[in-house]
1. Please work out which residue is surrounded by the fewest Cβ atoms within 10 Å (Cβ to Cβ), limiting yourself to the range 261-308 and to residues that are over 13 Å from Ile321 (Cα atoms) and of a type in the set (Lys, Arg).
2. Looking at this structure, is Val258 within 12 Å of His322 (Cβ to Cβ) and either under 26 Å from the mean Cα position of the chain (by Cα) or of a type outside the set (A, V, I, L, M) (or both)?
3. Which residue pairs have Cβ atoms closer than 7 Å, lie 6 or more positions apart in sequence or on different chains, and pair a first residue in the range 151-164 that is within 11 Å of Ala83 (Cα to Cα) with a second residue that is modelled with pLDDT of 85 or more and not aromatic (Phe, Trp, Tyr)?
4. Looking at Glu316, Glu291, which is the one that is at pLDDT below 95 and within 24 Å of Glu256 (Cα to Cα)?
5. Can you tell me which residue in the range 431-457 is nearest to the chain's Cα centre (by Cα), limited to those that are aliphatic (A, V, I, L, M) and closer than 17 Å to Trp374 by Cβ?
6. Can you name the residue in the range 107-153 that is of a type in the set (Ser, Thr, Tyr), in a helix (DSSP H, G or I) and over 13 Å from Ser22 (Cα atoms) and is also modelled with the lowest pLDDT among such residues?
7. Can you name the number of the only condition in (1) among the hydrophobic types (A, V, I, L, M, F, W, C); (2) modelled with pLDDT of 80 or more; (3) crowded, with 21+ Cβ neighbours inside 10 Å that Met87 fails?
8. Hey, could you check the range 317-350 for residues that are in a strand (DSSP E or B) and over 26 Å from Tyr246 (Cβ atoms) and say which is farthest from the chain's Cα centre (by Cα)?
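The values are calculated or read from the model by the stated rules, or taken from the named source; none is laboratory data. Everything numeric here is computed off the predicted structure, so don't read it as measured data. Cβ placement follows ideal geometry from the backbone for every residue including glycine, while neighbour counts extend to all protein chains displayed.
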Amino acid sequence: MMGSGQPARLSLLRWLHEGARSLCFRLPRWERLATGPAFIALLVALRLLVSIGVSRLFYESGAVFNWRAGAAGWGGLLLTVWACHVMRPQPVAGEAPSAAPGAAHLLTLVLALSLCLSCVYGLAYALFARSAWFGKVGQWGQLALWLVPVLWSTLATLTLMVRTGERAMLRRFAAVCAVVAGGVLSYYVAPAPSFWREREAALEVDLDEPPPALRFDQELIEMQQPMLQADVAALKPQRPGVADMYTITFAPFEGEEVFRRETRVVNEVMAKRFDAAGRGLTLINHAEEIEQAVWATPLNLQRAIAGVAQTMDRDEDVLFIHLTSHGAQDGQLAANFEPLEVAPVTPEDLKRWLDEAGIKHRVISISACYAGNWIAPLAGEDTLVMTASDADHTSYGCGKKSELTFFGRAMYDEQLRTNTLSFEEAHTAARLVIDQREKEAGKDDGYSNPQIKVGTRIRAYLKQLRMRLKG
């Protein structure tokens with residue numbers, strides 16, 4: 001095999017060059033290539049450093065290093081090591097020039113192949129994910145971009161082993177199973193957490209330090225009804241022949257600044273992008289707005305819906321409602337405004353209030369854990385309902401230190417703000433972005449799996465609304 005007459009020696013560039021050739025499904029050239037335990041460890045370390053560097057590109061600022069991620073994701077590598085051992089358990093004299101000298105050489109080339117792909121494709125994918133084009137390729141386009149390196153690496157590795165390794169069919173079959181299982185283990189069954197997470201992202205609510213108790217007096221409470229009536233009276237009137245968008249945002253959990261920030265973002269996006277300025281009501285429980293804002297209570301929400309219904313054209317206009325809070329597995333939307341007792345809102349409550357108000361065209365957004373429980377009760381031919389999670393999983397980013405929930409950030413601050421006026425397109429793009437960010441942030445209870453249900457009539461009606469807004 002060393003027909004060139006030159007001694008084999010360790011060379012990172014040579015190994016990377018042959019790894020790149022293998023990625024292009026070309027036969028490797030084993031001449032003058034040497035390896036050993038220390039060199040294999042070096043390639044593993046370089047692959048680890050590349051993963052750390054590339055994953056950092058997904059965060060613009062404020063990312064915190066998650067060193068625990070280094071302990072995960074080794075199952076696929078161990079299966080690859082075993083597959084290389086099966087295919088080339090020991091050097092065999094008289095092999096064809098294309099055959100690997102041994103298991104160590106085969107493993108080293110697989111690592112070099114993986115390192116090349118990680119450097120090139122990882123960098124390209126990270127940069128593309130941060131561009132405005134990422135949200136325009138659609139759900140299947142983003143899914144394809146995510147799967148390309150997985151399938152490419154697996155196919156290139158299998159091709160390399162079959163062409164340069166053991167010829168026995170049983171050993172080939174065992175190696176193929178190991179490589180495929182390694183890919184599934186690494187990218188689907190047990191994806192490793194990211195080496196980085198957002199500094200302010202929090203999966204669980206921090207209630208160790210309760211906020212200072214608020215003080216409610218009779219005058220403060222009696223201000224609420226006139227305040228809500230004044231806000232309803234200030235709504236811009238509906239315009240005959242124009243499908244106007246009216247909005248209600250509802251944030252009932254006091255003490256969580258993230259819900260107030262998300263409410264502001266949603267209000268801003270709806271006002272600027274959907275021509276809803278002057279046609280929105282905000283109900284919020286927050287210590288700093290206790291005297292200025294209408295409180296987010298079930299009764300106030302019911303009254304707000306009824307008030308908007310009296311102003312809008314119920315057959316021509318659209319009512320958009322965004323609810324953001326913590327959610328329970330039984331479908332209740334949590335409320336907190338101590339010492340005032342505030343009951344949670346349920347999807348059945350909201351459905352009843354909308355029906356009683358006679359509002360036809362409805363777009364409902366629920367940013368909460370287990371929000372998928374709201375889909376079935378609210379769904380209808382004239383309703384679009386979308387959620388931050390399914391009925392069995394938590395959403396992400398609703399802690400005290402979070403800037404925005406992952407759903408609010410991806411859906412409203414990114415997709416609807418700049419990329420599209422379609423709730424369906426925005427939701428589809430946000431799903432993939434949220435999945436990626438949850439993995440990178442180390443969410444360990446499963447993908448939140450945002451849901452959407454669109455009625456046939458509301459889909460056609462929203463299309464007409466988009467045409468007016470674009471025109």
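1. Here the answer is Lys272.
2. The answer is no for Val258.
3. So the pair list comes out as Thr157/Val110; Thr157/Leu113; Met161/Leu106.
4. Numbers: Glu316 fails: within 24 Å of Glu256 (Cα to Cα).
Only one candidate qualifies: Glu291.
5. Our first condition is that a residue be aliphatic (A, V, I, L, M); within the range 431-457, this holds for 432-434, 441, 452, 454.
Keeping just the survivors that are closer than 17 Å to Trp374 by Cβ gives 452, 454.
Details: Ile452: 15, Val454: 21 Å.
For the range 431-457, the residue satisfying everything is Ile452.
6. Only one residue fits best here, namely Tyr125.
7. (2)
8. First, the residues of the range 317-350 that are in a strand (DSSP E or B): 318-324, 327, 333, 336-337, 340, 345.
Remaining after also requiring over 26 Å from Tyr246 (Cβ atoms): 336, 340.
Numbers: Asn336: 27, Leu340: 35 Å.
The residue in question is Leu340.
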